[in-house]
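One structure below.
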Amino acid sequence: MRRYSPKSIEPKWQKTWEDNGTYHAVDFDKEKPKYVMLTEFPYPSGSGMHIGHMREYTLGDVIARQKRMLGFNVLYPMGYDAFGLPTENYAIKNKVTPQKATEENINNFQKQLVSMGFSFDWSRSIKTTDPNYYKWTQWLFLRFFKQGMAYQAEIAVNWCPFCKTGLSNEEVVNGRHERCDTPVDKKLIKQWVLRITDYAERLIEGLNDLDYPKWIAEQQINWIGRSKGAEIDFKLEGHDESIKVFTTRPDTIYGATFMVLAPEHPLVGQITTEEQKVSVNTYVREAASKSDLERQESEKDKSGVFVGAYVINPASGERIPVWIADYILMGYGTGAIMAVPAHDDRDFAFATKYGLPIKYVVEPEYGDSLDGEIEKEAVVAILRDPETDEVLMLDWGPRKDRYGGMLFIGGGLDTGEDIIEGAKREITEETGYVNVRFNKGLPFSVHSHYYSNVKNANYYAKIHGVLFDLVDHEKVRPKLDEGEKGKFKTKWLPISKAEPDDEAHRQVFLSLLFGGALTKEGLMANSGKYDRLPSSVMRDKVIADLTSKGLAYERINYRLRDWIFSRQRYWGEPIPIIHCEKHGAVAVPDKDLPVKLPNITNYEPTHDGESPLASATDWVNTICPQCGGPARRETDTMPNWAGSSWYYLRYFDPKNSKQFASLDKLKYWQDVDLYLGGTEHITLHLLYSRFWHQFFFDLGLVPTPEPYKARRSQGIILAADGTKMSKSRGNIVDPTEVIDSGYGADALRLAVIFLAPYDQTTPWSPESLGGTFRFLQRVWNLVQEYNTSEGGTNESNDLKRVINRVVKRVSQDLLNLSFNTAIAGLMECVNDLYALKAQDSYSSVEWQWALETLAKLLAPFAPHMAEEVWEQLGGEQSIHLQEWPGYDDKFLVSDRIVIAVQVNGKLRGDVEVGADADQQSVEVAAKSDPKISRYLEGKVEKVIFVPGRIINFLVK
RNA sequence: GCCGGAAUGGCGGAACUGGUAUACGCGCACGACUCAAAAUCGUGUUCCUUUUAGGAUUGAGGGUUCGAUUCCCUCUUCCGGCACCA
C-alpha cells in the first residue's frame, strides 16, 4: 500500500494544472454565469509570504474552486502591488535597485503561491510596476485631472521624516506613519490632491446596496464622519468682515460666550490688535511647529490667546471676545467656532482655564409628559459633611415608575419662597439637621416629569439644585407629611458611593460636585424668545431665522479630507503632468503615455521635500504639449494606493494595449462578486478604490456604480502565544517551511481553515497541523484499502445517509462561509466511513460512489489529495472540473430516533422511538423507562411535546 | 469618551428558527503493537461529590419561558476602529 506523501503528488499536479490551463477564466462564456472571486493582491516584500496571506488566498481558493464545480465561470486572479515605500526603503538598505528587488520578491512570492496549489488564473496576472499597467494608472489619473478632480495645492501635509515624503490622512495612524511608525511632522509643500470629499455622500450612500458586514460599513461611515449643522456669520466689531463658524449645535447660540479661531485662520493677522500682537504671533509660531502627535498630547491642557478683537453674536446681539487656540483645526469646518462652554466639553475646559463666562442655555429634561401634571418649583438639596466628605441620601425603597429609590433631599417650594430658604426648610423637615450652610446653587434648572406616590399625583417640577455643608450634627425631630412618615431612611454615603436612582437627582449631584458641560438635548433657557422650546426644535428655528437674514445657512461637513496624492519618492508611477511657464500644469497627451519611470543612479529621498526624480535633468526637461515651449515634468510620484485602486478591472482584460479594459469585457465581468481582504484597508484601499470606481462610473468608463458587490475580511492569525506575529519577535510561521517539512500544502490549507471561523483573529496552533495531516492520511488509506475488484451492488442505507449528510453539511457550510465546520463535517464523515467499513464488504458500486463523492467535497480544500485520489478511483479529467455533488433529504431520515425526556425542565433520560412517533407513544415509552418513571410519581400537570426532539413532563 | 464585535472544557472551537451544551480537532491518561521509541490503532476525557447515583455549568447578576449559549435589562472584562472634527 502506498503511503500518503504530499511531496510526491503536490508539485506534479501543480504542473499539470498549469500546463492544462485548468483554471483559466473564459471571456464571454454564454453557458455559465460569471463569478469573480477576488483576494487582495500582495505587496511583494523581501520577507516572503506568511501564514496570514495563506489564510486569505486559501479561503478565496476554496470559494473559487467550489463555485467552479457549481457551474460558474470563475475568475480568480492574482497579481502584485509592487510600487511603494517598503520596496524602495528595502532597496536602499540592501543597495540594489527597486526594480531588481521587486523582481526578486515577486519571483519568491510566485513560487510560494504556486506551492500552495491555488487555482489562480496566472494567464491574467498583473504587476502595478509594469509600464503596460501603469500606463493606464496614469491615463485614469488624467481623467481626474481633466474633470478638475485632481488639483494642486500648497498645503501643510503630513510629512514622514524617515520616508521623507508627504502622506495622506489615511496613512497616519495615531500621529505616526502606518508603514514605519515614525511620528509625522507637518510640512508645507505643493501637492497633488484628489477631490475625494466630493464623493463623501456617495461613499456613504453606496454602502446601502452592498453586502458588506455592518462593522466594515460603519467604519467607513465613521471615517467619512458626516455631520450636519450650520455655518453662521459673526460680524467683526470695527471691521467690515464677519467670521464664519461651523456648528452642529446652533440651538446653543445664546450660550456662545467667546469665539475661537484656528491659529492658521487667515483673518488672525488682520484682526489682532497692537497690544496682543506679540503674544498672538508667538502662539501662532509655536502651533505651526507642533506635530500632530504633540497637538494630540496637549489635548488635556488646552491653550490659547486673546487676539483683542470682538464679534457680535447674531442671535443675542452680545459682544464676545475672539481667541485663537490650537484645539481648533483649520482643516475642518471653517476653522472657527462659536465657543459654548456650558454645552461643549472642550469649550468648557478652555473657559475654565482662562476664566471666560459660562452661560447655560439648554436645561436637562427627564421623563415624558404625564396626564394632568401639576407644575411646581422644587429644590433638590445635597447635604455634604465636609469632615468626612459624605453626602446624605434618602432611601425610599425599591424604585418604581420614576419614583422612590435612592434620592437626595427634595421638595416643592412654597409660592414666592426663596430657593435657599426653601432648601434649608426641606433639609430640616426631612432629616432634622438644623445647622447647615449654603455652599452653592446650580446655574440652571432641571426639569422632571414624575408621579408622586406620597401625593398620588403627576408632577412637572422645575428643580433648583443646591449644595449645603453640614456645620454640626445637631438635630431636631423631623417634620414629615403624613404620607412621608416611615417611607424612607436617611443614609450618609461617601461621594463615590452615592448613586441616585433618579436622573434629575443624578444630574444635580454630578453638576454640583463635579461641574462640566451639558452636552445633551433639553429645554431652552436664557435664549430670549426661544425659551422653553426643546433644543431640537430651537435648532431648526434659529437656522431658519438667521438664514432669512442672510447670516447663516445649513451645511454638512465631513471629517474626510481630500486625498493627498503626491509622494516625493522615486518608486511610484510618475504623475503624467508637464509644467509650462505659459500654460501651467498640462496633461501629458494620452498618446505619449506611459510616462516611464527613468532609471536613475541616485533615487534616495531628499530632505527638502523634492522628489529624487528632479535630479534626472534629461527626463525632467521637456516641451509643453500645448505650445512646444520649454517645460518641466512633474517629479512627484503617485502613492502606492494608485495602482491598487483599479487593479481588479485590469484582470477583466489584462493584455489590452488600447484601453485599460474594453467595455465589452467590463460589461461581461461587471464587478467583483466577493472581495476578501484585510481589515487594515477599510479606510485606505477599500475606500479609495470605491471612490475611483464611482468617479469612473460617472464618466461612463465602467458599467457598475460600485466595484465590490460583497466584502469580507479574514481575521489575523496570531502567534501560538497569542501575540502578533512579527519579524522582530521572530515568531512568523513560514508556509514554505511547513510544506517542506513533509506536511504538504493540503494539510496546511486545512489547518489554516480549520483553526477558527475565517473572520476571527485567533492564535496559530502548530499541533492542529498534525491533526489535519492525520485526517488526510486517513482519507488516503481509506482509498488505498478499498478494493474495486470484488465490486458488488451492496445496498447500504447507512452509507447513503452518511454521504448525503456530509454533502448537505459541506454545501450549506460553504454557503455560509463556515469553512471550519465544513472540515469538521468531512472529518466526521471519514470517522463514520471507517466505522461502516468495519461492518461492510467494503467493495461495491456504492463504496465507489461514496469515495468519489468524498473526494469531490474535499477538492476545494485539499485539491492535490483530491485530484490524486480521483485518479486512483479511475475518475476522468480533473476532479476540479467535476460537478459539485447534490444530496437528497430522503436519505437523511432514519426510521428510529432518540427523543430527550425532561421532567420539570431537567433532562432525565431519552427514549428511542419510531421517527413519526406521536405524543402518546412517546409518553408511554418514557413512562415505561424505570430511570424516567421514578421522577413521574407525582401528578403530571402538563406535557410539552416537540415532535422529533423533546418531551417535557411538568410534575407537581 | 464615542461606535462596533466578542466572552462556552486544559487549548482552538461547535450548537438550525428558544428544544439532549461541549460536535470536530488539539492536548492529556490508559491500553494494543514494539526489545524500545516514534508512527499507527483502540478506550476515556466539562467540573464537583459521599461515583449502580446525584448536583453544578456557556463572563457576572436579574427577567421572560415548560425549557435560554440563543430573547430582554444591568454590569464586568477583552479585542477592533475613531478620537480636540466644533
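Each 5 Å bin from 0 upward holds the following percent of the Cα-Cα pairs of segment A:51-180: 2, 8, 12, 14, 16, 17, 14, 9, 5, 2, 0, 0.
Of all aspartates and glutamates in the structure, those lying under 16 Å Cα to Cα from A:K497, and not within fewer than 8 positions of it along the same chain, are A:D385, A:D389, A:E390, A:D395. Each residue of segment A:586-646 gets 117 Å³ once the volume of the Cα convex hull is shared out per residue.
The GluC sites (Glu not before Pro) of segment A:736-817 that DSSP puts in a loop, and whose beta carbon has at most 11 other beta carbons within 10 Å, are A:E790, A:E795.
In this simple spin-label approximation, A:S536 and A:T617 carry label points 7 Å from Cα along the Cα→Cβ vector, and these lie 6.9 nm apart.
Taking every protein chain into account, the 1.4 Å probe leaves A:I577 with about 0 Å² of accessible area, to the nearest ten. Separation of segment A:168-195 from segment A:331-400 is 40 Å, based on Cα centroids.
Based on C-alpha pairs under 8 angstrom that are at least 6 apart in sequence, segment A:734-888 has a relative contact order of 28 percent. Rounded to the nearest 500, the 222 nm mean residue ellipticity of chain A from helices alone is -10000 deg cm²/dmol, with -39,500 (n - 2.57) taken per DSSP H run of at least 4 residues.
About the centre of its Cα atoms, segment A:331-379 shows a dipole size close to 580 debye [charges on the beta carbon of Lys, Arg (+1) and Asp, Glu (-1) only; nearest 20 debye]. Ranking A:M259, A:V193, A:S227 by Cα position along the charge dipole of segment A:184-268, where only Lys, Arg, Asp and Glu carry charges on their C-beta atoms, puts A:V193 farthest toward the positive end. Computed over protein heavy atoms with a 1.4 Å probe, the accessible surface of segment A:47-189 works out to 34 Å² per residue.
Distance from the Cα centroid of segment A:826-884 to that of segment A:444-476 is 79 Å (rounded to whole angstrom).
On the accessible surface of segment A:449-522, probed at 1.4 Å, how many percent belong to carbon and sulfur atoms? Roughly 47 percent of what the probe reaches on segment A:449-522 is carbon or sulfur.
In this structure segment A:256-356 gives 44 Å² per residue of accessible area when probed at 1.4 Å with all protein chains present. Counting only heavy atoms of the protein chains and using a 1.4 Å probe, A:K111 has close to 150 Å² of accessible surface.
Just the protein heavy atoms count here, and of the accessible area of segment A:642-760 at 1.4 Å, carbon and sulfur take up 52 percent. Under a model in which nothing but the beta-carbon of Lys, Arg (+1) and Asp, Glu (-1) is charged, segment A:456-545 shows a dipole of about 120 debye around its Cα centre.
Along the axis of the charge dipole computed for chain A (Cβ charges of +1 for Lys and Arg, -1 for Asp and Glu, origin at the Cα centre), the listed residues A:G528, A:P341, A:N105 are led at the positive end by A:N105.
DSSP beta bridges fully contained in chain A are about 75 percent antiparallel. Membrane-span-like helices in chain A, defined here as complete DSSP H runs extending at least 30 Å along the helix axis by their C-alpha atoms with mean Kyte-Doolittle hydropathy no lower than -1.0, are A:819-839; this is a sequence and geometry rule, not a statement about a membrane. Ordered by solvent-accessible area of protein heavy atoms (1.4 Å probe), largest first, the residues A:S535, A:S227 come out as A:S227, A:S535. Remind me, relative contact order of chain A in percent, using alpha carbon pairs under 8 angstrom and six or more residues apart? Value for chain A: 14 percent. Selection among A:N439, A:I463, A:N557 by position relative to the dipole of chain A gives A:N557 as farthest towards the positive end (Cβ unit charges, Cα centre).
Computed over protein heavy atoms with a 1.4 angstrom probe, the accessible surface ordering of A:L75, A:L513, largest first, is A:L513, A:L75.
Where in segment A:433-448 does the amide nitrogen come within less than 20 Å of the point 7 Å from the Cα of A:V454, taken along Cα to Cβ? A:433-436, A:446-448, by backbone N distance to the label point.
Of the solvent-accessible surface of segment A:279-434, computed with a 1.4 Å probe and all protein chains present, 49% belongs to carbon and sulfur.
Within segment A:285-362, the GluC sites (Glu not before Pro) that combine a DSSP coil assignment with at most 16 other C-beta atoms in a 10 angstrom radius are A:E299, A:E318. Relative to the Cα centre, the charge distribution of chain A, modelled as +1 at Lys and Arg Cβ and -1 at Asp and Glu Cβ, gives a dipole magnitude of about 1100 debye. Rounded, prolate or oblate: which one fits segment A:181-324, using the alpha carbon gyration tensor with axes a ≥ b ≥ c (rounded when a/c is under 1.5, else prolate when a/b beats b/c, else oblate)? Oblate, because a/c is 1.5 or more while a/b does not exceed b/c. So what is the relative contact order of segment A:386-526, in percent, for Cα pairs below 8 Å that sit 6 or more residues apart? Computed value for segment A:386-526: 32 percent relative contact order.
Would you give the gap between the C-alpha center of segment A:217-249 and the C-alpha center of segment A:571-628, rounded to a whole Å? After rounding, the separation between the Cα centres reads 39 Å. In this structure segment A:396-494 gives 52 Å² per residue of accessible area when probed at 1.4 Å with all protein chains present.
Suppose R0 equals 30 Å. What FRET efficiency, 1/(1 + (r/R0)^6) with r the Cβ-Cβ distance, do A:E482 and A:D368 give to the nearest 0.05? Once rounded, the FRET efficiency stands at 0.55. According to the square roots a ≥ b ≥ c of the eigenvalues of the Cα gyration tensor, what is the shape class of chain A, taking rounded for a/c under 1.5, prolate for a/b larger than b/c otherwise, and oblate for the remainder? It is oblate, given that a/c is not under 1.5 and a/b is not larger than b/c.
The values are calculated or read from the model by the stated rules, or taken from the named source; none is laboratory data. All figures in this text were calculated on a predicted structure; none of them were measured in a lab. Every residue, glycine as well, gets a Cβ built from its backbone with ideal geometry; the counts of neighbours run over all protein chains shown. Only protein heavy atoms, including side chains, enter the accessible area calculation; ligands, DNA and RNA are left aside. Shrake-Rupley method; radii C 1.70, N 1.55, O 1.52, S 1.80 Å.
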